[in-house]
Amino acid sequence: IGHPISFFEVLNIPADIKILLHSRKVTNSQNIRSIKTKLTENGIILALVGPEGGFSSREIQKAIESGFTIIYLDSPILRTETAGIVLSAILLY
């Protein structure tokens, strides 16, 4: 892309699986392990990891409307800096 884009622009990036990592279980969210069953070898995953304090309710709603699945980890709440690394490790193994 070559330049910073807004949260709402990110929602339109095409991917086979779109997930938004939430800090805790919310209505209709899924455990990350349930997503692993949907992965394909060459599939593209777009994963959003929120800022400190989490996503706003408006951001979550817009993500859902854009085809994102809200997921959570079976772990304590992680810092933003480590959440993406842990998410990647779970999806890879």
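The values are calculated or read from the model by the stated rules, or taken from the named source; none is laboratory data. Quick caveat, the model's predicted, so the values are computed rather than measured. Note that each Cβ is placed from the backbone with ideal geometry, even for glycine, and that neighbours are counted across all protein chains shown. Ligands, DNA and RNA are stripped out before the accessible areas are found, and what is left, the full protein with its side chains, is counted by its heavy atoms. Shrake-Rupley method; radii C 1.70, N 1.55, O 1.52, S 1.80 Å.
What FRET efficiency comes out for the pair A89/F7, r = Cβ-Cβ distance, R0 = 22 Å, nearest 0.05?
Numbers: r = 24 Å, r/R0 = 1.11.
E between A89 and F7, to the nearest 0.05, is 0.35.
Using a 1.4 Å probe on the protein heavy atoms, what percent of the accessible area of the range 9-93 belongs to carbon and sulfur?
Details: 2940 of 5450 Å².
About 54 percent, which is the carbon plus sulfur part of the accessible surface.
Per-residue extension of 0.36 nm, minus the Cα-Cα distance of N28 and T80, leaves a gain of 16.5 nm for this segment. Cut-off 10 angstrom, C-alpha nodes, Gaussian network model of the chain. Which of L20, L39, L11 fluctuates the most? The residue with the greatest mean-square fluctuation here is L39. The order of the peptides 46-55, 81-90 by mean Cβ neighbours within 10 Å, most packed first, is 46-55, 81-90. Per-residue ellipticity at 222 nm from helix content only, as computed over the chain with -39500 (n - 2.57) for each DSSP H run of at least four residues, stands at -9000 deg cm²/dmol. Segment T40..S66, full-extension length gain: 7.3 nm, with 0.36 nm per residue of separation and the alpha-carbon distance subtracted. The overall shape of the chain is rounded: from the C-alpha gyration tensor, with semi-axes ordered a ≥ b ≥ c, the ratio a/c is less than 1.5.
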